[in-house]
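Accompanying notes for the structure given below.
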Amino acid sequence: MSVAAVLVDTGLAHLDRAFEYAIPEDLAEGVAPGVRVKVRFAGRDLNGFVVEVREEAEHPGRLQPIRRLVSPEPVLLPSVLAAAQQVAREYAGLTGDVLRLAVPPRHARAEKALAAEPPEQEALVWDGDSAPWRRYPAGAALVRRLADGDSPWGAWTALPARDPAVDWPAALADAAAAAVLSGRGAILLAPDHRDVARLEAAVIERLGGSNHVLLTAAQGPQARYTAFLKVLRGHVPVAIGTRAAAWAPVRDLGLIAWWDDGDDLWEEPRAPYPHVRDIVAARARIEEAALLTGGFARSVPIQGWVEGDVVKDIGAARVAVRAAAPRTVIAGDEHERDLDPVVARARIPGVAWRTARAALEHGPVLVQVPRRGYVPSLACQHCRRRAQCRECGGTLGLSGRDGVLLCRLCHRREPDFRCPQCNGRSVRALVIGARRTAEEIGRAFPGVPVHTSGAATVLADVPAEPAVVIATPGAEPVAADGYAAALLLDAWALLDRPSIDAGAEALRRWLGAAGLVRGAE
C-alpha cells in the first residue's frame, strides 16, 4: 500500500509539517501530489494537501488511511508549496495559513464546467518592438533578454507619459509579451482594480483577449476558481490581478512584475501578513523567473535591493526625465513670503491660484488633498489644543456646512464644546478636507466642473476637458492626455503622520500625482 505525506491544516505551529497516511486502494488512482484530501487527525476530520507519495512509510507504526479524496485536481504545485513554506518561515507563520492565501477554496461546479484540455490560443498581436522600453537605455536589453528566455531582475523608475502607448501599463504588457514569446508565462500585478483594468487593456492589445485571466479578491468564488484553474491547467500563459494573483500557478513562469511597491495594498491583512514583495521574490527565485518592479517612486526596501545588487537599476537618461516630468514650483517659500506677506496665512498661495487658472485653459487640473471629509480635525481657537470628544477622546471635526461638531471615532455630536485646558468655546480648523476644498475651489472658478474622488467614490478617469479634480492620495483618476497642472495642498499633513516611513510615503504620493501631469516639454 502506498503512503501519502499530507500537510494537515491543524492551525497549530508545532504541528506545521507533513504527516504520513496510508492510501486506500479505491483512492490510489486519484491521490497525487497537490490534491486536496480529508484525513483523521486527533479525533477530527481535517483538510490537507498531499505533498508527496511514497512507496514505503518512514513512520514505523500503523498509519491512518486517508478518509476522502476531495478532488483529483492537483491544485498545489511543488513550486508554490516551496514558496509558501519559505514565506511562512520568513514571517514566523504557518504554512497552512499561507496556503489559504495561495489556493482558493474549491468550487465543484467550476471544476466540472471547465474543459480539461486547453483551447487553441490566440496568436500574439505583439511584433517584438517595444516603444515604451525605448525610452530607457537598458529597456531594449531587458525586453530582448526576456524574449530570449533569460530571467533578469530589475527595479524600474518609470517616466510619466501622456500617450497610453508608452505609459507604464504598456511597458509591463510588453515585458509579459516578451516572456510569452519565449514560451513562458507571466504574472502582472497592480495595487487596485483601476490599475488592473489599465493593465488588462494593454495586455489585450498585445496578446489578444484569450491569453490571460484576471485574479482579484473582488471576484466571486466560481469566477476566481475558474480563473485559477485556467492558469493551473495551462489554458492561458498570463495572470493579471491584485495581491491575490501573486500566487497564480502559472506554468513555466518566466516573469513576475508588479507596480508601485510602496502601496499599502500590497500588505496582506491576514496571517501571517506577508508583503507581496517577499511572495514574488520567493517564487521568482524558486522558479528561476524574471522579476520586475516599477513605479514613479521607489520604496525603501526596493532601493535596498538595488544597493545590495539584488536587482538592477532601470531608469531613463536625465534629459528624458527633464522632458517627461512636469515643472515643479514650491509655493509659499521664503522668497514668495517676502514678496507677499499674505502667503504665510493663505492655504492656497497666489501662485497656485494663478497656475490653476492658466492651466484650466488647456485641460483638467488635479488638486490633491491629504484628508477626506469636510473639516476632519479641529483645535481650540485660543490655546490650539486639539479638540477631542468628551466621551471617547476621539478627534472632533465638522461633517458639513451646518457647523455641528462630530466625533470621528464614535460619531457623537458635540453641541456645546468647551476646551478642557483654557475653557475656550470656539474652534479653528487644523486640516481642511476634500469636500470643503471642493466648495472653496468651486467658488473660485465658477462655471468650471468640479469632480471629487475619494474613499466614497473613486473615479477611474476623467476627460481632457477643463475641470478641477479634487482627490485624496491614491484616488487620483487618470486624465485623458494628462493633467495640465496639479496642486498638492497641505503637504505638511502627509509628513505629519506618526509613522517611521512618513517621509517616504509622502514622496511616493507626491510623485504618483506628478506622474499624471503633462511633461514640461
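The values are calculated or read from the model by the stated rules, or taken from the named source; none is laboratory data. Computed from a predicted structure; not experimentally measured. Here Cβ is always computed from backbone atoms with ideal geometry, including for glycine, and neighbour counts include all displayed protein chains.
What's the number of the condition Ile470 fails, among (1) of a type outside the set (Lys, Arg); (2) part of a strand (DSSP E or B); (3) more than 24 Å from Pro446 (Cα to Cα)?
Among (1) of a type outside the set (Lys, Arg); (2) part of a strand (DSSP E or B); (3) more than 24 Å from Pro446 (Cα to Cα), Ile470 violates only (3).
Scan the stretch 1-38 residue by residue and report those that are under 17 Å from Val103 (Cβ atoms), among the β-branched types (Val, Ile, Thr) and touching a Lys or Arg at 6+ places or on another chain (Cβ under 7 Å).
Val37
Only one of (1) crowded, with 20+ Cβ neighbours inside 10 Å; (2) in a loop (DSSP other than H, G, I, E, B); (3) at pLDDT below 90 is not met by Arg435, so which one is it?
That leaves (2) as the condition not met.
Within the stretch 403-419, how many residues turn out to be farther than 24 Å from Ile348 by Cβ and either part of a helix (DSSP H, G or I) or without any contact (Cβ under 8 Å) to a residue 24 or more places away in the chain (or both)?
11
Of the conditions (1) of a type outside the set (Val, Ile, Thr); (2) touching an Asp or Glu at 6+ places or on another chain (Cβ under 6 Å); (3) over 26 Å from Ala197 (Cβ atoms), Lys112 fails just one. Which one is it?
With (1) of a type outside the set (Val, Ile, Thr); (2) touching an Asp or Glu at 6+ places or on another chain (Cβ under 6 Å); (3) over 26 Å from Ala197 (Cβ atoms) applied to Lys112, the lone miss is (2).
Go through the stretch 65-101 and count every residue that is part of a helix (DSSP H, G or I) and among the basic types (Lys, Arg).
Count: 2.
Which of the residues that make up the stretch 396-432 are modelled with pLDDT under 90 and among the hydroxyl-bearing types (Ser, Thr, Tyr)?
Correct list: Ser399 only.
Can you confirm whether the stretch 296-311 contains a residue that is modelled with pLDDT under 85 and not β-branched (Val, Ile, Thr)?
no
(1) surrounded by 16 or more Cβ atoms within 10 Å (Cβ to Cβ); (2) closer than 19 Å to His14 by Cα: which one isn't true of Ala57, the others all being true?
(2)
I'd like to check which strands (runs of 3 or more DSSP E) are fully inside the stretch 156-264 and have at least 2 residues that are polar (S, T, N, Q) and assigned by TED's automatic domain parsing to the domain that holds Asp461.
Passing ranges: none, list empty.
So for the stretch 475-483 (the condition being surrounded by fewer than 18 Cβ atoms within 10 Å (Cβ to Cβ) and aromatic (Phe, Trp, Tyr)), does at least one residue qualify?
The answer is no, given that none of the residues of the stretch 475-483 is surrounded by fewer than 18 Cβ atoms within 10 Å (Cβ to Cβ) and aromatic (Phe, Trp, Tyr).
Output the number of residues of the stretch 208-223 satisfying the condition of being touching a His at 6+ places or on another chain (Cβ under 8 Å), under 17 Å from Val196 (Cα atoms) and of a type outside the set (A, V, I, L, M, F, W, C).
The total comes to 1.
Determine whether Gly308 is out of contact with any helix residue (DSSP H, G or I) (no Cβ under 9 Å at 6 or more places or on another chain), surrounded by fewer than 22 Cβ atoms within 10 Å (Cβ to Cβ) and farther than 23 Å from Asp148 by Cβ. Spell out the reasoning first.
Values: out of contact with any helix residue (DSSP H, G or I) (no Cβ under 9 Å at 6 or more places or on another chain): yes; surrounded by fewer than 22 Cβ atoms within 10 Å (Cβ to Cβ): yes; farther than 23 Å from Asp148 by Cβ: yes.
Taking the combined requirement at face value, the residue satisfies it.
When the stretch 312-342 is examined, which residues are found to be modelled with pLDDT under 90 and either loosely packed, with under 15 Cβ neighbours inside 10 Å or not assigned by TED's automatic domain parsing to the domain that holds Leu511 (or both)?
Keep residues of the stretch 312-342 that are modelled with pLDDT under 90, which gives 329-342.
Those that are modelled with pLDDT under 90 and either loosely packed, with under 15 Cβ neighbours inside 10 Å or not assigned by TED's automatic domain parsing to the domain that holds Leu511 (or both): Val329, Ile330, Asp333, Glu334, His335, Arg337, Asp338, Leu339, Asp340, Pro341, Val342.
Could you tell me how many of the residues in the stretch 280-315 are more than 19 Å from Pro137 (Cβ to Cβ) and in a loop (DSSP other than H, G, I, E, B)?
Final tally of qualifying residues: 6.
In the stretch 16-43, what residues are touching a strand residue (DSSP E or B) at 6+ places or on another chain (Cβ under 7 Å) and either free of Cβ contacts under 8 Å to residues at least 24 places away in the same chain or among the aromatic types (Phe, Trp, Tyr) (or both)?
Passing the criteria: Phe19, Tyr21, Phe41.
Please determine whether any residue of the stretch 127-136 is of a type outside the set (Gly, Ala, Ser), at pLDDT 95 or above, part of a loop (DSSP other than H, G, I, E, B) and surrounded by fewer than 19 Cβ atoms within 10 Å (Cβ to Cβ). Full working, then the answer.
Taking the stretch 127-136 first, the residues of a type outside the set (Gly, Ala, Ser) are 127, 129, 132-136.
Among the residues that remain, those that are also at pLDDT 95 or above are: 132-136.
From the residues that got through so far, the ones that are part of a loop (DSSP other than H, G, I, E, B) too are 136.
Subsequent filtering for residues that are surrounded by fewer than 19 Cβ atoms within 10 Å (Cβ to Cβ) retains none.
No: the stretch 127-136 contains no residue that is of a type outside the set (Gly, Ala, Ser), at pLDDT 95 or above, part of a loop (DSSP other than H, G, I, E, B) and surrounded by fewer than 19 Cβ atoms within 10 Å (Cβ to Cβ).
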